[in-house]
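What follows is a set of notes on a single structure, which appears directly below.
Just so it is clear, none of the values below were taken in a lab; they were calculated from the coordinates. What you see is a predicted model, and the numbers here were worked out from it, not measured in a lab. Cβ coordinates were reconstructed from backbone atoms using ideal geometry, including for glycine residues, and neighbour counts include every protein chain displayed.
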Amino acid sequence: MSDNCIFCKIGRGEIPSRKVYEDDEVFAFHDINPVAPVHFMLIPKQHLVSLLEVEEQHAALLGRMLLLAPKLAREQGLENGFRTVINSGKGGGQEVFHLHIHVIGGGNIPPMVKRS
Ligand code: 5GP
Ligand code: ZN
């Protein structure tokens, strides 16, 4: 838990969000600034900064989050597929330093990396 972390606060229900899913370990909620018709994030309730900080002891939690992603994506209407994004560290474009898996879909999903 981190007192100043916005996603910890969302996971504890202290900051409102549009909840997609919740259990003892995982919280999922819609992104406030969606990049596609469906854009939500899965977070561990435990404060983990990014993939750069995870250890062997987090393997089961990470596995659970990845298994939840397609289940929740289907429930949100993404029957044909979705994109997952995990930005890790400043070099990976991460802006909120509490590990999160973006699930993005619906509409036109462009190639992830533009090649000139
Ligand atoms: P990152 O760039 O760290 O991978 O993604 C952070 C994401 O969190 C961004 O897509 C941003 O729109 C979203 N975000 C930031 N603050 C809030 C918030 O207070 N509520 C919600 N629902 N999303 C947020
Ligand atoms: Zn946190």
**OP:** Go from 0 up to the bin containing the longest alpha carbon distance in the chain, width 5 Å each, and give me the % of pairs per bin.
**Re:** 2, 11, 22, 24, 21, 12, 5, 1, 0
**OP:** Count neighbours as other Cβ atoms within 10 Å of each site's Cβ, and list the trypsin sites (Lys or Arg not before Pro) in the range 1-44 that are DSSP loop with at most 16 such neighbours.
**Re:** R12, R18
**OP:** Return, ordered by residue number, the residues of the range 67-96 whose backbone nitrogen is under 20 Å from a label point located 7 Å along Cα→Cβ of L52.
**Re:** 85-96
**OP:** Report the net charge of residues surrounding E22, where surrounding means a beta-carbon distance below 15 angstrom and charges are Lys +1, Arg +1, Asp -1, Glu -1.
**Re:** +2
**OP:** Return one number: the angle in degrees, 0 to 90 and rounded to the nearest 10, between the long axis of the Cα atoms of helix 59-75 and the longest principal axis of the Cα atoms of the chain.
**Re:** 40 degrees
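With a sphere of radius 12 Å drawn around the Cβ of F82, what net charge do the other residues whose Cβ falls strictly inside it have (Lys, Arg +1; Asp, Glu -1)?
Numbers: positive: K71, R74, R83; negative: E75, E79.
Summing Lys/Arg as +1 and Asp/Glu as -1 gives +1.
So, with +1 on the Cβ of K and R and -1 on the Cβ of D and E, and no other charges, what is the size of the charge dipole of the chain about its Cα centre, to the nearest 20 debye?
Numbers: 12 positive and 13 negative charges, 101 e Å.
The dipole magnitude comes to about 480 debye.
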**OP:** Choose one answer from V54, V26, V103: the residue with the largest mean-square fluctuation in a GNM of the chain with alpha-carbon springs under 10 Å.
**Re:** V54
**OP:** Starting from the Cα of K45, draw a straight line to each of the lysines and keep only those under 18 Å, dropping any in the same chain fewer than 8 residues away.
**Re:** K9, K19
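With charges only on Cβ, +1 for K and R and -1 for D and E, what is the dipole size of the range 38-100 about its Cα centre, in debye, rounded to 20?
Details: 6 positive and 6 negative charges, 31 e Å.
Around 160 debye, computed over the range 38-100.
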Subject >> Dipole of the chain [Lys/Arg +1, Asp/Glu -1 at C-beta], most positive-end residue of S50, S116, F29 >> reply: S116
